[in-house]
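Participant: Please find one structure pasted underneath; my questions will follow.
The values are calculated or read from the model by the stated rules, or taken from the named source; none is laboratory data. The structure presented is a predicted model; accordingly, all values stated were derived computationally and were not measured. Ideal geometry is used to build each Cβ from the backbone, glycine not excepted, and the neighbour counts take in all protein chains shown.
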Amino acid sequence: MPDEFKLNNKEQRADEYNERGISYFNINKYDKAVEEFTKAIEIIPDDPDLYHNRGMAYYSMKKYEEAIKDLKKSISLDASQPDYHNVLGSVYEDMGLVDKAIQEFSAAIKIENDIPDYYYNRGNAYWKKGEVEKAIEDYSKAADLDSTDQIFVYKKYEALMNLGRMNDALATVEKAIKIVPANYNYLLMKAEVLIRMGRKEEASDVLEEVEKLDPGNQEAERLKKMIMQGDPVR
């Protein structure tokens with residue numbers, strides 16, 4: 001009984017330090033967060049979450065080597081957590097180590113294949129590597145998993161537009177509009193691609209819908225001027 005009490009008391013103290021660390025992390029006091037997570041690790045040195053949390057704090061401080069060491073430690077203790085791999089991949093990507101980033105994002109996806117952020121992150125890494133088709137495939141997967149998140153749809157749209165694949169870009173936006181018809185940003189994307197395709201009358205109709213949803217929208221006004229002046233979209 002005394003040993004069990006000591007164990008519970010030990011875990012409780014570690015939890016308190018961990019919670020303090022999370023609180024400091026949430027208000028961007030990353031150095032203080034590191035101190036608290038370190039205290040927790042000194043009490044329970046085999047808890048993967050504690051290393052992950054401290055690794056996140058180091059990452060936020062741009063102390064990449066320290067972050068990598070902690071994140072690798074968390075994975076060595078429990079390789080089944082996709083977020084551990086995802087964060088490590090993000091560190092590698094910020095360091096310009098794109099191949100290692102892709103490896104970690106892929107590991108996260110292998111563990112849990114229905115998280116759009118993992119595909120989005122890997123898509124960004126593929127894009128930086130110049131593997132455009134793989135990037136678009138991952139952006140597509142992210143958008144399919146969550147079409148309500150504008151960034152997933154926009155990145156796929158942007159990639160397709162950069163490649164001049166207007167029909168595919170239009171199809172991407174129209175699919176998103178069917179799911180979230182009141183999202184005027186999707187309508188603005190549709191208007192832009194229609195203008196580039198020379199379908200200016202249709203674009204004008206779409207911009208009228210934007211006006212109803214968000215009167216005075218500046219981007220809509222800019223696109224209207226482009227239609228009137230006959231200038232290409234920039």
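Participant: Please identify the pairs in which a residue from region 79-90 that is in contact (Cβ under 8 Å) with a residue 24 or more places away in the chain and closer than 12 Å to Y59 by Cα has its Cβ atom under 6 Å from the Cβ atom of a residue that is of a type in the set (F, W, Y) and in a helix (DSSP H, G or I), counting only partners at least 6 apart or on another chain.
Facilitator: Sorted first by the residue in region 79-90, then by its partner, the pairs are G89/F105.
Participant: Restricting region 169-210 to residues that are in contact with a Phe, Trp or Tyr (Cβ under 9 Å, 6 or more places away or on another chain) and without any contact (Cβ under 8 Å) to a residue 24 or more places away in the chain, which is surrounded by the most Cβ atoms within 10 Å (Cβ to Cβ)?
Facilitator: V173
Participant: Go over the candidates G123, G89, G130 one by one and state the one that is within 22 Å of A169 (Cα to Cα) and surrounded by 19 or more Cβ atoms within 10 Å (Cβ to Cβ).
Facilitator: Result of the check over G123, G89, G130: G123.
Participant: I want to confirm something. Restricting to region 123-139 and keeping residues that are acidic (D, E) and in a helix (DSSP H, G or I), which single residue is nearest to the chain's Cα centre (by Cα)?
Facilitator: Looking at residues that are acidic (D, E) and in a helix (DSSP H, G or I), I get D138.
Participant: May I ask you to say which residue of K190, K175, K225 is out of contact with any Gly (no Cβ under 7 Å at 6 or more places or on another chain) and at pLDDT 95 or above? Break it down stepwise before answering.
Facilitator: Details: K175 fails: at pLDDT 95 or above; K225 fails: at pLDDT 95 or above.
None of the others qualify; the one that does is K190.
Participant: Take region 56-100 and flag every residue that is more than 24 Å from G123 (Cβ to Cβ) and of a type in the set (A, V, I, L, M).
Facilitator: Selection gives A57, M61, L77.
Participant: Another question, if that's okay. Please report, ordered by residue number, the helices (runs of 4 or more DSSP H) entirely within region 1-85 with at least 3 residues that are modelled with pLDDT of 95 or more and over 24 Å from D117 (Cβ atoms).
Facilitator: Hits in region 1-85: 2-26, 30-43.
Participant: On the given criteria, is L145 in contact with a Ser or Thr (Cβ under 7 Å, 6 or more places away or on another chain) and closer than 27 Å to A108 by Cα?
Facilitator: Working: in contact with a Ser or Thr (Cβ under 7 Å, 6 or more places away or on another chain): no; closer than 27 Å to A108 by Cα: yes.
No.
Okay, residues lined up against (1) within 30 Å of E174 (Cα to Cα); (2) without any contact (Cβ under 8 Å) to a residue 12 or more places away in the chain; (3) touching a Cys at 6+ places or on another chain (Cβ under 9 Å):
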{"residue": "D47", "(1), (2), (3)": "no, no, no"}
{"residue": "L50", "(1), (2), (3)": "no, no, no"}
{"residue": "E65", "(1), (2), (3)": "no, yes, no"}
{"residue": "I75", "(1), (2), (3)": "no, no, no"}
{"residue": "G96", "(1), (2), (3)": "no, yes, no"}
{"residue": "A107", "(1), (2), (3)": "no, no, no"}
{"residue": "K141", "(1), (2), (3)": "yes, no, no"}
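Participant: Can you say whether R20 is buried (at least 23 other Cβ atoms within 10 Å of the Cβ) and of a type in the set (K, R), as far as the supplied structure shows?
Facilitator: no
Participant: How many residues are assigned to a helix (DSSP H, G or I) and closer than 20 Å to N167 by Cα if we restrict to region 188-234?
Facilitator: 19
Participant: Out of curiosity, is Y157 more than 22 Å from V206 (Cα to Cα), under 19 Å from the mean Cα position of the chain (by Cα) and aromatic (F, W, Y)? Give the steps one after another, and end with the answer.
Facilitator: Numbers: more than 22 Å from V206 (Cα to Cα): no; under 19 Å from the mean Cα position of the chain (by Cα): yes; aromatic (F, W, Y): yes.
Spelling it out, it is not the case that Y157 is more than 22 Å from V206 (Cα to Cα), under 19 Å from the mean Cα position of the chain (by Cα) and aromatic (F, W, Y).
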